[in-house]
Amino acid sequence: MKKCVHILAINDTYLSELRKITLPNLKEYASRIGAEVNVITERKYDGWPITYEKFQIYEYGMGYDWNVFIDLDTVIHPKFHDVTLQYPKSTISFNFAYHANTQLKLDKYFARDGRNVGVATNFVVTSDWTHDFWQPLDISKEEALSRVIRQHIVDEYCASRNLARYGLKYLGVAPTPEDQKLVLHIGAERENEENSVSVAKEYIQTF
């Protein structure tokens with residue numbers, strides 16, 4: 001079974017201190033579950049918000065049984081399970097969902113689907129059966145950016161639209177309170193990196 005963990009780390013100066021903690025941690029997780037690691041370091045979608053580069057997984061991830069995307073500002077406890085063994089291939093999983101119409105401008109795919117699901121893309125697990133989740137948008141950048149309340153969540157628009165468009169089934173990547181304690185998504189920003197580093201170090205001390 002071929003698995004790949006994808007991590008977006010294009011700008012070397014972005015969260016440069018935090019990534020010294022998180023990147024080795026995420027690579028260790030990939031090793032524990034028998035997955036290859038793809039660190040996305042180059043841009044493909046010039047002019048788009050950098051978060052949209054996650055959808056390089058559509059091409060790179062072909063040929064894998066499982067693709068796992070994890071944000072760079074995430075720390076995973078050594079006791080956290082192998083997410084590729086959690087659900088059948090017909091079901092994707094991710095860390096957080098919200099009401100799509102609060103953040104996104106919905107179209108016919110959302111209307112037809114009817115679930116009104118917005119996908120937070122900080123931790124997403126898909127199989128070769130559900131690889132359509134990573135399909136890049138078929139509309140222009142200008143149109144896509146007009147459908148989000150903040151440009152940097154255009155990746156969430158694409159993910160949520162694909163979930164609706166293809167009627168994909170989903171569940172939580174960390175479904176229980178105990179599981180949720182084993183994944184720390186810091187939600188770091190450049191302006192508070194020092195605090196994020198402290199949070200990451202404190203969490204790792206609980207291992």
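The values are calculated or read from the model by the stated rules, or taken from the named source; none is laboratory data. None of the values given here were measured: they were computed from a predicted structure. Glycine also receives a Cβ, built like all others from the backbone with ideal geometry; neighbour counts cover every protein chain displayed. With ligands, DNA and RNA removed, areas are computed over all heavy atoms of the protein, side chains included. Shrake-Rupley method; radii C 1.70, N 1.55, O 1.52, S 1.80 Å.
Values for this structure:
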quantity	calculated
Number of the exception - residue 88 against (1) touching a residue at least 40 places away in the same chain (Cβ under 8 Å); (2) under 23 Å from residue 117 (Cα atoms)	(1)
Failed item, numbered, when residue 159 is tested on (1) surrounded by fewer than 18 Cβ atoms within 10 Å (Cβ to Cβ); (2) assigned to a helix (DSSP H, G or I)	(1)
The listed residue being touching a residue at least 60 places away in the same chain (Cβ under 8 Å) and either touching a Phe, Trp or Tyr at 6+ places or on another chain (Cβ under 9 Å) or of a type in the set (A, V, I, L, M) (or both), out of 26, 8	8
Test: residue in the range 170-183 that is assigned to a helix (DSSP H, G or I), open to solvent by less than 60 Å² (accessible area, probe 1.4 Å) and modelled with pLDDT of 95 or more	yes
Matching strands (runs of 3 or more DSSP E) fully within the range 1-103 where at least 2 residues are surrounded by fewer than 17 Cβ atoms within 10 Å (Cβ to Cβ) and either of a type outside the set (S, T, N, Q) or out of contact with any strand residue (DSSP E or B) (no Cβ under 8 Å at 6 or more places or on another chain) (or both)	36-40, 91-99
